[in-house]
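Before I ask anything, let me first share the structure, which is written out below as structure tokens.
The values are calculated or read from the model by the stated rules, or taken from the named source; none is laboratory data. Just so you know, these numbers come straight off a predicted model, no measurement behind them. Positions of Cβ are generated from backbone atoms using ideal geometry, with glycine treated the same way; all protein chains shown enter the neighbour counts.
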């Protein structure tokens, strides 16, 4: 017969008593979730909601925003085929709704309501054909540009973007559809429109009777 000493018997009683207490406490918590003012069911619900938020963050990752292209403002234009190398400034429209031209004869204007380099839409640039004395201005040779020629634009981040000329044409200053050259072009990707004076001088209008328009499309850029 195996004898159990008193100390072992006491330990067994303590263990059994502790197990019973744990079971009773667990049952009490399950039947009284608001014990000590803590609603454990709400706590569980909050945990589930938190998990849902985590999943939502994974589905709509902030890295998608970071991976979007960053577009800068045009600062310089080069057209090697006609020896154009000029700075670009931003221009707007005047009170009558006409596109402003740069005040300087050797500077190109970028319509700030249009697209930026490599951005989907229409990057509109305009400049003078000649000065007040008839001397060549920055876009004097634009009339000699040909389809397939490259037009490069530098943005304020130091990136160059190349466009290829796809069309050259004239628009009468009284043409009712002349404003179409400013269309956003978002359905055509990233395009560029270069504008300067053309045709013959009109004494009555105080300007040339036509506008030379050069259309180009993006062929290379660091955002691609």
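Please specify each residue of region 86-102 satisfying the condition of being part of a loop (DSSP other than H, G, I, E, B), surrounded by fewer than 19 Cβ atoms within 10 Å (Cβ to Cβ) and touching a strand residue (DSSP E or B) at 6+ places or on another chain (Cβ under 7 Å).
Once the filter is applied, which keeps residues that are part of a loop (DSSP other than H, G, I, E, B), surrounded by fewer than 19 Cβ atoms within 10 Å (Cβ to Cβ) and touching a strand residue (DSSP E or B) at 6+ places or on another chain (Cβ under 7 Å), region 86-102 yields only 100.
Out of 208, 111, I need the residue that is in contact (Cβ under 8 Å) with a residue 40 or more places away in the chain and farther than 19 Å from residue 79 by Cβ. Which one?
Only one candidate qualifies: 208.
Determine whether residue 138 is part of a strand (DSSP E or B), at negative phi, modelled with pLDDT of 95 or more and buried (at least 20 other Cβ atoms within 10 Å of the Cβ).
no
The rows are residues; the columns are (1) within 30 Å of residue 69 (Cα to Cα); (2) out of contact with any strand residue (DSSP E or B) (no Cβ under 9 Å at 6 or more places or on another chain).
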position: 122; (1), (2): yes, no
position: 132; (1), (2): no, yes
position: 139; (1), (2): no, no
position: 147; (1), (2): yes, no
position: 156; (1), (2): yes, no
position: 166; (1), (2): yes, no
position: 197; (1), (2): no, no
position: 217; (1), (2): yes, no
